[in-house]
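Read the figures in this text as sums done on the coordinates, not as results from a lab. Predicted model, so just to flag it, every value in this text is computed and none were measured. Reconstructed Cβ throughout: ideal geometry from the backbone, glycine too, with neighbour counts over all protein chains shown.
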Amino acid sequence: MVRDDVVGHILQLKAELLADGRVRLHPGVSTIGIISAPTAGPAAGESTVFIRLDGSRVRLRLDDHARVALTAEGTLERDGEVIATGVKLEPVVAHCPEQVYTTVVPGCIHKCAFCALSGHVAAARSEEIIISRIEHAFKSSVVVPVALTSGVSPDGSELDLCVRVVNRIKDKWRVVPVGVSICIKDKKDLERLLEAGCDEIKINLEVADPDILRKVCPHKDRDAIIALMKEAVEMFGRGRVCSNIILGLGESDQAVLDTMKELAAIGVVANLRPLEVTLAVEPALERALGIGGFARPQADRLIRLAEAQCKILAKHRLSASGMDTMCSACTGCDLAPGEDL
Ligand code: SF4
Ligand code: SF4
């Protein structure tokens, strides 16, 4: 889709950049404070930067062979052609701009085929290190929202740790919004997080198509996740619960639409997320799905689905920009209704 208005132009450009997913920086671009090396999420293990296109943020993986390049003067080029000027790199607070998004356990016993943490057992970070990271971020920038994420540890200690950290954040900085994105087991987990002061929750379904979900996330039970989401909405409120849905695993548009509707009907906002295709996850994806040649979704598909999501959210009186933390606040990896369109 080509639009002639400014917002439409930025939307198109962001969609094209997300579809490609990579950028290289010209010599002379200062990298101080702008590189994020995520330890969880779609780009775990990669170096990424965030660029600002007017009101839109885009997170891109650094790659010396990327078609898209950013010059020291803020010009964005693709294959040598100028595609945008006045582009800025955004400073990263912790993982992303304007937010402390930190990982509690940088490994996971589960084996989601698309995830770089899959099957890597790692020790939980200490509570003191997490708190000092937050304090450090608050000293070096304005006070920003905090989000905690985690893989699943063998002893399941990430929940206790998150509860303690959320308690300490809320004791010290009562007004700071806090979001948590971990594997929730049951209603009790949700109650403990709510009691600690957690404001928002992410419960990741990850995959729209139930058959593909079974193949790429063998431990996930779709019905149980939907049931937990309903409990979470009752406790945290409509629009305060979100869920990643990955695009690019072979799911149909219809499966994505159906899932977005199903989630919106219970008050949950989907974050539509292009598949991160890296050497670290490709073999596992091929084994799980019996196919190869994975690619990120094209720009027109990203726009088509994001536009459909706008309508679905409006019908259910939800706003993707109503959350203060996690991916809904960052918006670097997705076309975000309310922010980008
Ligand atoms: S549950 Fe799956 S997606 Fe989440 S950290 Fe573990 S392996 Fe990755
Ligand atoms: S959208 Fe989410 S996963 Fe992507 S950079 Fe922002 S916080 Fe991280």
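Each residue of segment 170-187 was assigned a 3J(HN,Hα) from its phi angle through the Karplus curve 6.51 cos²θ - 1.76 cosθ + 1.60 (θ = phi - 60°); the sequence is 5, 5, 8, 10, 3, 8, 6, x, 10, x, 10, 10, 9, 6, 8, 8, 7, 4 Hz, with glycine and proline shown as x. Would you mind classifying the chain by shape? Square roots of the alpha carbon gyration tensor eigenvalues, ordered a ≥ b ≥ c; an a/c under 1.5 is rounded, otherwise it is prolate if a/b is larger than b/c and oblate if not. The shape class here is rounded.
Computed over segment 6-89, the convex hull of the alpha-carbon atoms projects to a mean area of 5.4 nm². With the charge dipole of the chain set up from +1 on Lys and Arg Cβ and -1 on Asp and Glu Cβ about the Cα centre, the Cα lying farthest toward the positive end among the listed residues Leu148, Leu53, Ile312 is that of Leu148. Seen from Ala308, the other residues with C-beta closer than 12 Å to its C-beta sum to a net charge of +2, counting Lys and Arg as +1 and Asp and Glu as -1. Taking Cα centre as origin and charging only the Cβ of basic (Lys, Arg, +1) and acidic (Asp, Glu, -1) residues, the dipole magnitude of the chain rounds to 480 debye.
For the chain, the mean residue ellipticity at 222 nm estimated from helices alone is -11000 deg cm²/dmol, where every DSSP H run of n ≥ 4 contributes -39500 (n - 2.57) and the total is divided by all residues, rounded to the nearest 500. Within the listed set Pro274, Pro145, Pro210, the Gaussian network model of the chain (springs between alpha-carbon atoms below 10 Å) gives the highest mean-square fluctuation for Pro210.
Of the residues Ala40, Val7, Gly86, the one whose Cα sits farthest toward the positive end of the charge dipole of segment 6-89, with +1 on the Cβ of Lys and Arg and -1 on the Cβ of Asp and Glu, is Ala40. Remark on Thr103: its backbone amide H falls under 5 Å from those of Thr149, a criterion applied only to residues 5 or more positions apart or on other chains, H modelled at 1.01 Å from N.
Taking the Cα centre of segment 26-68 as origin and assigning +1 to Lys and Arg Cβ atoms and -1 to Asp and Glu Cβ atoms, the resulting dipole is close to 140 debye. The magnitude of the dipole of segment 6-89, with charges of +1 and -1 set on the Cβ of Lys/Arg and Asp/Glu and taken from the Cα centre, is near 280 debye.
Going toward the positive end of the dipole of the chain, with +1 on Lys and Arg Cβ and -1 on Asp and Glu Cβ, which of Ser118, Ala265, Leu275 do you reach last? Going by the charge dipole, the pick is Ala265.
Each residue of segment 76-90 was assigned a 3J(HN,Hα) from its phi angle through the Karplus expression (A = 6.51, B = -1.76, C = 1.60, θ = phi - 60°), giving 9, 10, 10, 6, x, 8, 5, 10, 6, 10, x, 7, 10, 8, 9 Hz with x at Gly and Pro. Residues in segment 153-162 carry Karplus couplings, in order, of 8, x, 9, x, 6, 5, 5, 4, 5, 4 Hz; the curve used is 6.51 cos²θ - 1.76 cosθ + 1.60 with θ = phi - 60°, and Gly or Pro positions show x. In percent, rounded to a whole number, the relative contact order of the chain is 17, using alpha-carbon pairs under 8 Å and six or more apart. Of all aspartates and glutamates in the structure, those lying under 12 Å Cα to Cα from Lys172, and not within fewer than 8 positions of it along the same chain, are Glu135. Over 25 Å apart at the Cα level, from the set Lys170/Lys261; Lys139/Lys185; Lys88/Lys261; Lys188/Lys220, are Lys170/Lys261; Lys139/Lys185; Lys88/Lys261. Beta bridges from DSSP with both residues in the chain: antiparallel share about 40 percent, rounded to the nearest 5.
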